[in-house]
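Notes follow once the structure below has been shown.
The values are calculated or read from the model by the stated rules, or taken from the named source; none is laboratory data. Everything quoted here is computed from the prediction, not taken from an experiment. Here Cβ is always computed from backbone atoms with ideal geometry, including for glycine, and neighbour counts include all displayed protein chains. The protein model used for the area step is the full one, side chains on, heavy atoms only, and it has no ligands, DNA or RNA in it. Shrake-Rupley method; radii C 1.70, N 1.55, O 1.52, S 1.80 Å.
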Amino acid sequence: MSQDQDNFRDTIGTINEEGKRAWVFPKKPSGKLYEYRKYVSYFLLVFLFAAPFVKINGNQFLMFNVLERRFNIFGFPFWPQDFHLFVISMIIGVIFIALFTVAFGRIFCGWMCPQTIFMEMVFRRIEYWIDGDRGAQIKLERQEWNAEKIRKRVLKWIIFFIISFLIANVFLAYLIGSDRLIQYVYDGPLAHVSTMVSLLIFTAVFYFVFAWFREQVCIIACPYGRMQSVLLDNKSIVVAYDHKRGEAENGRKKWRKNEDREALGHGDCIDCFQCVNVCPTGIDIRNGTQLECVNCTACIDECDTIMEKVDLPKGLIRYASEDEIVKKEKFTFSPRLKGYTAVLVILTGVLIGMLFLRNDLDATILRLPGQLYEHKEGNIISNVYTFKLVNKTSTDINNIHFALVSHKGTIKLVREGDFNVKGQQLAEGTLFIEINNAAIKSDKEKIKIEIYSGDTLIETTTTAFLAPRSYR
């Protein structure tokens, strides 16, 4: 690392000495890894836009309806009663990301993060198409507001707004469900003014992020960049500059044809600054691992291209750990990684088991608040209850009835006969439980109730039954 650049840790590359925004004009990336990233990004973009509209067994593939506390993950519906399952799923996701961060640094940021994908593979590529590459963008920024600049700016802003509006609609589909969103579209914006206002607010947020805030999201707003400093160690494989090879004894030096750099004690880095120019966050990877680096691999491709032109070995910047560069140690599955993997496997096994054990119907039967027991003829004690049945499936559950199995007694519904619960809906009602005094042993008895769909047992629940103290 060059000694005259030690102050890089005291500043952020996107803020100048006056504390103002230093706009980044990255060079258009190219190379093998960039092509791979495009394939991954396009696949994830298709997945992101399609997931709310794909259904499995009638359930939306992904939905995060925070307002109604209903979530669908990979086609599995999660209701408020399943909140523990949703929490476990989120913990598994966090540990999964942490595991890959320990092993491969911010590979999630560079290859899978929606912010990076939209910024680098959608908005930035449109910008290259309209404004040109790095040099043309800088020139356009500095020139006066003439017809060319106005035309390019207005065209870019309109396209950015349209894409932001599309993203906001997809985001809304994740929140309220794709069926409801499509219905809102057919009804028209005037029929759902509040939803339209919310949609425009989301559009403005996305437009602000991708048109102006940009890489600042990764540098300033996203907590994951800070978390990586806790998770990374010398064994983590990150996008790294081989300072041993690049600096040698006498540091980096500009390229001169037919010069024996090895004899002069200079490293393979020719100080061309192309790795800096292509970086979307404006950092110098040669300063080492930094929180601004999102592991996008643009510097790897650019450096390999330069090395090829000057007839030097590729890989001066590559995926490598600090121990590999300094100690020549290969990647090993460390005890730390084994610990994360063990926790991940255990939690995944617990989640799968709980999913298989989860019932299609969730039942809650509670005594009516403020109501005591009623003493009827024939020494019968009666309690009144409210019940709530939640159908977690997308199909109707028909011919539902209750059976008291812990005591000799009867269950009487206020409504007559069996009833149905429609898919992903709930049914509420009132019922009376009557038990002969001979079967009651305490003033607060625990009773067990089975719920049937026809002749099929679908759920079992318990509740409390009050009785006079004289029956204990």
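Structure summary
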{"item": "All strands (runs of 3 or more DSSP E) inside the range 387-449 with 2 or more residues being in contact (Cβ under 8 Å) with a residue 40 or more places away in the chain, closer than 16 Å to Asp362 by Cβ and touching a strand residue (DSSP E or B) at 6+ places or on another chain (Cβ under 7 Å)", "result": "397-404, 426-436"}
{"item": "Number of positions in the range 96-141 that are farther than 24 Å from Tyr207 by Cβ and either surrounded by fewer than 15 Cβ atoms within 10 Å (Cβ to Cβ) or at pLDDT 95 or above (or both)", "result": "2"}
{"item": "Failed item in (1) of a type in the set (A, V, I, L, M, F, W, C); (2) open to solvent by 30 Å² or more (accessible area, probe 1.4 Å); (3) modelled with pLDDT of 90 or more, with Met227 passing the rest", "result": "(3)"}
{"item": "Strands (runs of 3 or more DSSP E) contained entirely in the range 42-93, each with at least 2 residues that are open to solvent by less than 40 Å² (accessible area, probe 1.4 Å) and closer than 17 Å to Leu351 by Cα", "result": "70-73, 76-78"}
{"item": "In the range 353-363, residue farthest from Ile435 (Cα to Cα) [restricted to those that are in a loop (DSSP other than H, G, I, E, B) and open to solvent by less than 70 Å² (accessible area, probe 1.4 Å)]", "result": "Arg358"}
{"item": "Selection from the range 234-286 of residues that are open to solvent by 60 Å² or more (accessible area, probe 1.4 Å), out of contact with any Ser or Thr (no Cβ under 9 Å at 6 or more places or on another chain) and over 30 Å from Phe213 (Cβ atoms)", "result": "Lys244, Glu249, Asn250, Lys254, Trp255, Arg256, Lys257, Asn258, Asp260, Glu262, Ala263, Leu264"}
{"item": "Single unsatisfied condition, Tyr207 versus (1) over 30 Å from Asp304 (Cα atoms); (2) open to solvent by 20 Å² or more (accessible area, probe 1.4 Å); (3) touching a residue at least 12 places away in the same chain (Cβ under 8 Å); (4) out of contact with any Ser or Thr (no Cβ under 8 Å at 6 or more places or on another chain)", "result": "(4)"}
{"item": "Only one of Lys338, Lys257 that is in a loop (DSSP other than H, G, I, E, B), basic (Lys, Arg) and free of Cβ contacts under 8 Å to residues at least 40 places away in the same chain", "result": "Lys257"}
{"item": "Identity of the residue in the range 314-331, in a loop (DSSP other than H, G, I, E, B) and open to solvent by less than 80 Å² (accessible area, probe 1.4 Å), that ends up nearest to Gln274 (Cα to Cα)", "result": "Leu316"}
{"item": "Residue match in the range 290-298 (condition: assigned to a helix (DSSP H, G or I) and within 28 Å of Phe123 (Cβ to Cβ))", "result": "yes"}
{"item": "Positions within the range 95-135 being assigned to a loop (DSSP other than H, G, I, E, B) and farther than 14 Å from Val294 by Cα, in sequence order", "result": "Gly132, Asp133"}
{"item": "Residues being touching a Leu at 6+ places or on another chain (Cβ under 9 Å), crowded, with 16+ Cβ neighbours inside 10 Å and modelled with pLDDT under 90 - total across the range 428-452", "result": "1"}
{"item": "Within the range 364-381, tally of residues that are open to solvent by less than 70 Å² (accessible area, probe 1.4 Å), in a strand (DSSP E or B) and more than 30 Å from Gln81 (Cα to Cα)", "result": "2"}
{"item": "Which numbered condition Val350 fails, given (1) open to solvent by less than 70 Å² (accessible area, probe 1.4 Å); (2) outside any helix (DSSP H, G or I)", "result": "(2)"}
{"item": "Number of positions in the range 52-75 that are under 22 Å from Cys109 (Cβ atoms) and free of Cβ contacts under 8 Å to residues at least 24 places away in the same chain", "result": "0"}
